[in-house]
Every structure is written in C-alpha cells, then in structure tokens.
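Step one of this worksheet: look at the structure below.
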Amino acid sequence: MAQASAPKDNRPHIVIAGAGSIGCFVGGLLIRGAHRVTLLMRERMADEILRQGLTITDFNELDEELSPDVFGIATTPECLKTADIILVTVKSSATEKMAQEIRAHAPTDAVVVSLQNGVGNAEILQNNLPDHDVRAGMVPFNVVSKGGGCFHRGTSGDIIIAKGKNHIARMLSVPDLHFQDRADMAPVQWGKLLINLNNALNALSGLTLREQLNSMPWRRLMSDQMAEAVRVLEKAGIPAETPMSRRIPIRFVPKILRLPSPVFKRVARTMLTIDPLARSSMWEDLEKGRLTEIEELQGLIVTLAQEKGDKAPINMRVASLIRDAEKSGRGSPQLLPHEIHV
C-alpha cells in the first residue's frame with residue numbers, strides 16, 4: 001500500500017542568522033505568528049533551548065512558551081541553503097564572517113536583512129554579497145536574556161527595514177511584532193546610534209533603564225553625551241532622525257532629557273514604553289564577560305570627530321570606561337554620573 005507523502009511547506013523559510021537575545025525574541029514572535037523559522041545559533045544556546053524551550057516575554061504581559069518541535073534549530077550554516085529571508089542578528093564584529101557563510105551556503109535570491117546595531121553592517125553585508133538583495137534594518141527595542149531560554153523585551157517600537165520588492169515588511173509583521181519599510185534608512189540608523197549611546201551609560205551605571213531615566217543627574221549626562229554626538233554628526237553633514245518619533249527633531253532630544261522629571265515622564269510616555277526590567281544589551285555583555293559594541297557606538301563618534309578636527313571628550317571617556325570594564329571582567333562598575341562626566 002502506497003504511503004501518502006507529507007504536504008510540502010510552501011511558507012518562506014526565515015533563518016535568524018546569529019540568534020542571540022534580539023534574534024531569539026524576533027524569531028520567537030515570527031514562530032508564534034506561524035512563520036517557518038530556523039534559529040542559527042551557538043551550540044550552548046541551542047542546547048539550552050532544546051532542553052527548556054523558547055520563552056518570550058515583554059513589558060505588555062506577553063508570555064509565550066514555544067516548543068522546539070515547532071521551529072528549526074541549527075548550529076552550522078547549512079540551514080542557509082533553503083533560506084528565503086535571512087535576518088542577520090550577530091554582533092557587528094561578526095558581520096563579515098556571517099556574510100561569508102551566507103555567500104557560501106544561501107541561494108542568491110534570499111533577501112538578507114541586517115537587524116544589528118551600528119550603521120555600517122548592511123554595507124559590509126552588501127560588499128560581501130553583491131548578488132543578494134541586502135537591506136539595512138533598525139530594531140528600536142531592547143531585549144535581555146533572563147536565562148533558561150527566556151528572552152524579555154523591555155521597551156517598545158516597530159522594526160524599520162529598507163524598502164524593496166516583495167513587501168517583506170508587511171509579510172514579516174505578526175501580532176506584537178510590526179515591521180515598517182523606509183526608502184532612506186541612513187537617518188534612521190544614525191538616529192538609533194545616537195539613542196544607543198546610552199547603552200554604555202546604562203552598563204556603567206548598573207541601574208535599570210527606568211531607574212536611570214528617573215534620575216536627573218543621569219539624564220543630564222545622557223543629554224550632554226548626545227548633544228556632543230549630534231554636534232559631531234552635524235559637522236560631518238550626516239542627517240539623523242529620532243527613531244521613536246519623526247515629529248521630534250533629533251537635536252531636541254538632549255533638551256527633552258533635561259526637562260524637570262514630572263514633565264519629562266509625560267513627554268517620554270508618548271515616545272517610548274519602558275518596563276522595570278529593561279536594561280541595555282551592553283550591561284548584559286559586561287555581566288556575562290562578553291566584548292561590547294562600544295567601537296560601533298561611542299568609538300565611531302570619537303573617530304568622526306577626529307576626522308573633522310573636532311573632539312568628543314564625553315564619548316571618549318565613556319568608551320574608555322567600557323573598555324576598562326571589559327578588561328576587568330567584573331561586570332558593571334556601577335559608577336555615578338559625576339564619576340563619568342568630564
């Protein structure tokens with residue numbers, strides 16, 4: 001008696017290339033939204049999720065447990081051979097290596113989207129993948145690993161990717177995870193970089209993001225650091241756009257940070273939701289003894305300033321303190337604002 005073959009799965013195959021905190025959270029919501037997803041990750045993380053499953057939670061009471069039998073897990077790049085969409089979520093320092101693996105294994109018609117911090121990763125991917133449709137992306141929210149295969153989103157916002165054919169943003173959008181497309185991604189990416197400069201301050205403080213934002217001394221330091229970076233970008237002729245709200249010019253954000261706390265809280269609530277658990281990914285890197293992306297954030301601002309014959313002393317000081325914390329391997333140094341400011 002002939003056996004019926006299993007029905008072919010015609011859903012696009014999405015591979016999360018380098019699934020860490022952001023990749024596992026985004027992948028988890030895509031899985032929950034009935035997409036066909038494979039998480040390409042390190043063996044340690046794969047073992048953890050195979051044992052305990054994947055749990056995604058957030059500030060809005062999301063709490064979803066996903067069994068490993070409803071998605072793919074891979075630790076080698078062969079899974080890229082059947083990819084239709086590749087969402088790259090590795091750290092910036094690993095972008096070139098991931099690009100080489102995509103070139104070696106993925107079909108040339110696979111769309112490659114960078115969901116990474118920094119402003120140069122999509123260009124690195126494109127240079128290594130000239131035959132692929134490569135798109136820049138910007139993830140506005142923060143995700144931390146709580147251990148045991150659980151990843152928590154602590155802030156709000158929609159993912160933005162570069163506009164292209166096939167309506168990728170619309171196809172990827174699922175409940176609790178929305179994608180928008182944008183023709184000009186550079187101002188969005190630079191604006192996100194300016195906001196992400198606080199990642200290092202949060203890591204140095206040891207506070208939650210909410211505790212930090214509720215403190216006027218910390219907001220003054222955040223304001224001064226961002227104002228310095230905005231000045232550097234303006235001198236370099238680089239436009240930047242506030243990622244949380246296009247209605248608010250990025251140069252006004254340092255002024256908003258200096259508003260009296262009751263006024264600041266009202267304004268901030270219209271721009272961003274932050275729960276009590278939220279911390280920066282750089283804090284998590286220090287706590288886990290990993291290298292940070294400080295060179296792609298403060299390091300880039302300092303380099304731009306030097307190229308224009310300018311200085312960025314606050315950003316330089318913050319970068320130096322993060323490098324010291326990386327070397328010490330003792331996690332957050334839990335500094336106070338006056339210990340950082342120059």
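Below is a table of values for the structure above.
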| item | result |
| --- | --- |
| Residues located in the stretch 239-262, provided they are surrounded by fewer than 15 Cβ atoms within 10 Å (Cβ to Cβ) and among the hydrophobic types (A, V, I, L, M, F, W, C) | Phe252 |
| Lone unmet requirement of (1) open to solvent by less than 30 Å² (accessible area, probe 1.4 Å); (2) without any contact (Cβ under 8 Å) to a residue 24 or more places away in the chain for Glu211 | (1) |
| Residue in the stretch 136-150 that is within 20 Å of Thr108 (Cα to Cα) and either under 17 Å from the mean Cα position of the chain (by Cα) or modelled with pLDDT of 95 or more (or both) present | yes |
| Qualifying position, being more than 23 Å from the chain's Cα centre (by Cα), open to solvent by 20 Å² or more (accessible area, probe 1.4 Å) and over 26 Å from Phe59 (Cα atoms), among Val342, Val267 | Val342 |
| Options Arg36, Arg51, Arg32, Arg103: the member that is within 19 Å of Val143 (Cβ to Cβ), among the charged types (D, E, K, R) and open to solvent by 10 Å² or more (accessible area, probe 1.4 Å) | Arg32 |
| Boolean, Lys327 is open to solvent by 50 Å² or more (accessible area, probe 1.4 Å), modelled with pLDDT under 95 and out of contact with any strand residue (DSSP E or B) (no Cβ under 8 Å at 6 or more places or on another chain) | no |
| Exclusive hit being in contact (Cβ under 8 Å) with a residue 60 or more places away in the chain, of a type in the set (Gly, Ala, Ser) and open to solvent by less than 10 Å² (accessible area, probe 1.4 Å), set Gly118, Gly148, Gly137, Gly154 | Gly154 |
| Complete set of residues in the stretch 45-61 that are part of a loop (DSSP other than H, G, I, E, B), in contact with a strand residue (DSSP E or B) (Cβ under 9 Å, 6 or more places away or on another chain) and under 11 Å from Gly154 (Cα atoms) | Phe59, Asn60 |
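The values are calculated or read from the model by the stated rules, or taken from the named source; none is laboratory data. None of the values given here were measured: they were computed from a predicted structure. Neighbour counts run over all protein chains shown; Cβ positions are idealised from the backbone, glycine included. For accessibility, only protein heavy atoms count, side chains too; no ligands or nucleic acids. Shrake-Rupley method; radii C 1.70, N 1.55, O 1.52, S 1.80 Å.
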